[in-house]
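Presented below is the structure to which this report refers.
Only the coordinates and a few stated rules stand behind these numbers; no lab work does. Everything numeric in this text was worked out from a predicted model, so none of it was measured. Heads up, the Cβs are rebuilt from the backbone with ideal geometry, glycines too, and the neighbour counts pull from every protein chain shown.
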Amino acid sequence: MAHHVDYLVLGLGGMGSSALYHLAKRGLNVLGIEQFGVAHDRGSSHGETRIIRKAYFEHPNYIPLLQRAYELWHDLEQLSGRTLFNRCGLMVAGPPDGAVIRGVHLAEELYGVAVESISAVDAVERFPGFRIPDGFEVTYEPEAGFLHVEKCVQTHLEQAQELGASVCLNEQIREVNINHESIEIKTDQQRVTASSLIVTTGAWSSRCLSE
């Protein structure tokens, strides 16, 4: 007989572990299923670190999300007593009319992101490992840094479990049945029904969604 949960999260990497934690924090009955182990080496959250920055030049619509992310990482550090984020600053260099530099300044203008404009000479003095091409503009974002990504995944899962979430590791999805009334998942070990489903399976999403 299948057991029922409010939310079922498939894939427990960076996104899935975070979703599981925040759902559990809301008092929901949640289950996370991962086909490998915690912070395994076959997903996009593998490795020591990931960069994080507020001056997201790709598009300014991301910046409110990043500002909130900084707050949430700080909260998780305080809750767990672990260092998850290291602030080290970020230097960016490029043509003044290029998309990168223009995007950095747009983040500064629209959202007040702290950005310093520094000369090429000062940049080389501060960061002697670089040589700045003639005509390039240089910016420095002091609040940028990096996350210890595997530790972030582990911490989210541990905190989610402390809040009552269930985690199943090394368990593969065999069948997904979705209709207007329910969601049913069959794995190689159990059958689960859920009111809502979150799929964060990365490179395996096509396999899950094709079901």
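Couple of notes before you dig in:
- Structure remark: mean-square fluctuation, Gaussian network model of the chain, C-alpha springs under 10 Å; the largest value among V124, V92, V104 belongs to V124.
- To the nearest ten degrees, helix 99-111 and the longest principal axis of the Cα atoms of the chain are 80 degrees apart.
- Percentage relative contact order, region 54-143, counting C-alpha pairs under 8 Å, at least six apart: 38 percent
- When the charge dipole of region 91-211 is built from unit charges on Cβ atoms (+1 for Lys and Arg, -1 for Asp and Glu) and taken about the Cα centre, the candidate among G202, V113, F146 whose Cα reaches farthest toward its positive end is G202.
- A simple spin-label model places pseudo-atoms 7 Å from Cα toward Cβ; at H22 and K151 they are separated by 2.2 nm.
- Taking a quarter of the surface of the Cα convex hull of region 54-143 gives a mean projected area of 6.4 nm².
- If both residues of a DSSP beta bridge must be in the chain, then about 65% of such bridges are antiparallel.
- Dipole of the chain [Lys/Arg +1, Asp/Glu -1 at C-beta], most positive-end residue of G135, L23, Y70: L23
- Among L12, L28, L147, the largest mean-square fluctuation in a Gaussian network model of the chain (Cα springs under 10 Å) belongs to L28.
- FRET efficiency, E116 to D41 (Cβ-Cβ, R0 35 Å, nearest 0.05): 0.40
- Low-density loop cleavage sites - chymotrypsin sites (Phe, Trp or Tyr not before Pro) in region 104-211, where at most 13 other Cβ are within 10 Å (DSSP): F130
- Rounded to the nearest 20 debye, the dipole magnitude of the chain is 360 debye, with +1 charges on Lys and Arg beta carbons, -1 on Asp and Glu beta carbons, and the Cα centre as origin.
- Loop-located trypsin sites (Lys or Arg not before Pro) in region 137-211 whose Cβ has at most 11 other Cβ within 10 Å (DSSP): none
- In this entry, the chain is assigned a mean projected area of 14.2 nm², taken as a quarter of its C-alpha convex hull surface.
- The residues packed around Q35, meaning those with a beta-carbon under 12 Å from its beta-carbon, carry a net charge of 0 if Lys and Arg are +1 and Asp and Glu are -1.
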